[in-house]
Amino acid sequence: MEKNAVTPWEVSGEIDYERIIKEFGVQRIDDSLLKRFEKIAGESHFMLRRGIYFAHRDLNWVLDQWEKENKFFLYTGRGPSGKMHIGHLLPFIFCKWIQETFGVELWIQFTDDEKFLFKQDMTLEEVQKNMKDNMIDVIALGFDHKKTHFLIDTKHAGIMYPEAIKVAKKITYSVIRSSFGLDESSNIGSIFYTSMQAVPAFLPSILKNKKMPCLIPHAIDQDPHFRLTRDILPKLGYPKPASIQSSFLPPLQGANGKMSSSREESAIFLTDSPKDVEMKIKKYAFSGGRDTLEEHRRHGGNPDVDVSFQYLKFMFESDDSELGKIYRKYKSGEMTSGELKQITINKINEFLKEHQKRRKTAEKQIDKFIYK
Ligand code: TYM
């Protein structure tokens, strides 16, 4: 049987989100919170409505503060272990929407130290090359550089390290061992690392000389870092950061695990060509269809396990009524797997065409985004 694991460095096996909610101690985003969020934001986002962002810590508190005119800032990040796939965009797309809806600042951490320390076979130069490429992908989403700041762990060490050691002094090795599964064989940099991921949750408060609420959108794998951060920040005189967690965009092969850059055939990369996308969806995307066309027409398909449908739901079909139509047609057997796959291929390729066009001009803008 495949092992189930959800940690910042490993996601495998069948993911039981109900169990995760209990084990991690996050709260489910219920209807009343959803309604409150929508009322304050003035609109909703399909990732919230569809339960893709399904859990949170202290989101109500962030909204309370907002109503008292205490503006929050957003914090999210990327560990540049390789090229980015479509799943990595989820938190960035969501952050962009919150940023534009609430008019708030966004801090994005690039953890070149983390990936150097955790990837045994990678040099720092390789990680930093990936980082530049990843920055291009983030910028290509269309962020406003006046409100969006990149923090690079090795480059901004001058402002980050003094804060990281304050965090580190409050964490014992035994806590790291139980929170992250690290042990005596782990390198000492990896044991220290979580202190760096804690810093952007309060660094903007220091830089702006004002204690501000922090909201961190991320997929649930990153929660162990922020559970620790939340324990420590009040001891350093800062509020606990709030967070909002998404589920994982599935790998092409289906429900188990997450789309991962380390398995080339599991992922659609942001630099894939239209032909790559077509081949990957046709060849690998797990289908909820029946074995024969006749059976499919008679019994219908299962959109809930169909990877092409899941990609439309997570990212590529923002119109609820259009998605609902596809759901019903596929479930009734009126739409075949081949037709559903083609819709998904077209949607992904439309998105990537625009994204790849914007990538061409994004490189020149990197400098504007790096915090000075
Ligand atoms: P990283 O680079 O592994 O992932 C970047 C962000 O993408 C999310 N993610 C996914 N979301 C949906 N579906 C998937 N298949 C999928 N795979 C990854 C991750 O949860 C993450 O939000 N240590 C972090 C970098 C980091 C960070 C942060 C992330 C530093 N500070 C603050 C979030 C918030 C990392 O290696 O993420």
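Where a number appears in this text, it was derived from the coordinates with a stated rule and is not lab data. Keep in mind it's a predicted model, so treat the numbers as computed, not measured. Every residue, glycine as well, gets a Cβ built from its backbone with ideal geometry; the counts of neighbours run over all protein chains shown.
Evaluate the distance, in nm, between pseudo-label points positioned 7 Å from the Cα of residue 172 and of residue 297 along their respective Cα→Cβ axes.
Result for the modelled spin labels: 6.9 nm.
Springs between alpha-carbon atoms under 10 Å, Gaussian network over the chain: tell me which of 209, 60, 346 tops the mean-square fluctuations.
Among 209, 60, 346, the largest mean-square fluctuation in the Gaussian network model of the chain belongs to 209.
Roughly speaking, what is the stretch gain from residue 46 to residue 100, that is 0.36 nm per residue apart minus the C-alpha to C-alpha distance, in nm to one decimal?
Taking 0.36 nm per residue and subtracting the Cα distance, the gain is 17.9 nm.
What length, rounded to one decimal in nm, is gained on full extension from residue 147 through to residue 210, with 0.36 nm per residue of separation minus their alpha-carbon distance?
21.0 nm
Answer with one residue from 53, 75, 107: the one whose Cα lies farthest towards the positive end of the charge dipole of the stretch 51-122, charges on Cβ with Lys, Arg +1 and Asp, Glu -1.
My answer, from the dipole projection, is 53.
How many nm separate the modelled label positions at residue 368 and residue 227, each set 7 Å beyond the Cα in the direction of the Cβ?
4.1 nm
Determine the calculated [θ] at 222 nm for the chain from helices alone, applying -39500 (n - 2.57) to every DSSP H run no shorter than 4 residues and normalising by the residue count; nearest 500 deg cm²/dmol.
About -14000 deg cm²/dmol.
Which FRET efficiency, nearest 0.05, do residue 68 and residue 119 yield, Cβ-Cβ r, R0 51 Å?
0.75
Excluding residue 159 itself, calculate the net charge of residues whose Cβ lies under 14 Å from the Cβ of residue 159, where each Lys or Arg counts +1 and each Asp or Glu counts -1.
Summing Lys and Arg as +1 and Asp and Glu as -1 gives +2.
Charges only on Cβ, +1 for Lys and Arg, -1 for Asp and Glu: so what's the dipole of the chain about the Cα centre, in debye to the nearest 20?
920 debye
Is the stretch 225-264 best put as rounded, prolate or oblate by its Cα gyration tensor, with a ≥ b ≥ c the root eigenvalues, rounded for a/c under 1.5, and otherwise prolate when a/b is larger than b/c, oblate when not?
Prolate, because a/c is 1.5 or more and a/b exceeds b/c.
Find out how many positive minus negative residues lie around residue 243, taking Lys and Arg as positive, Asp and Glu as negative, among other residues whose Cβ is under 10 Å from that of residue 243.
Computed value for this residue: +2.
Could you give the length gained on full extension between residue 14 and residue 30, defined as 0.36 nm per residue of separation minus the Cα-Cα distance, in nm?
Result for the pair: 3.4 nm of gain on full extension.
Sort 99-106, 77-84, 355-362 for me by packing, meaning the mean count of neighbouring Cβ atoms within 10 Å per residue, highest on top.
Output ranking for 99-106, 77-84, 355-362: 77-84, 99-106, 355-362.
Using a 7 Å offset from the Cα along the Cα-to-Cβ direction at both residue 320 and residue 283, what is the distance between the two label points in nm, to one decimal?
It works out to 3.9 nm between the two label points.
What does the charge count around residue 214 come to, taking other residues whose C-beta lies under 14 Å from its C-beta (Lys +1, Arg +1, Asp -1, Glu -1)?
Value of the local net charge: +4.
Between 69, 278, 339, find the one with the highest GNM mean-square fluctuation for the chain; connect C-alpha pairs within less than 10 Å.
69
In the Gaussian network model of the chain, springs joining C-alpha atoms below 10 Å, which of 180, 73, 286 carries the largest mean-square fluctuation?
180
Tell me the GluC sites (Glu not before Pro) within the stretch 119-203 that lie in a loop according to DSSP and have at most 13 other beta-carbon atoms within 10 Å.
When the GluC sites (Glu not before Pro) of the stretch 119-203 are filtered for loop state and at most 13 Cβ neighbours within 10 Å, 184 remain.
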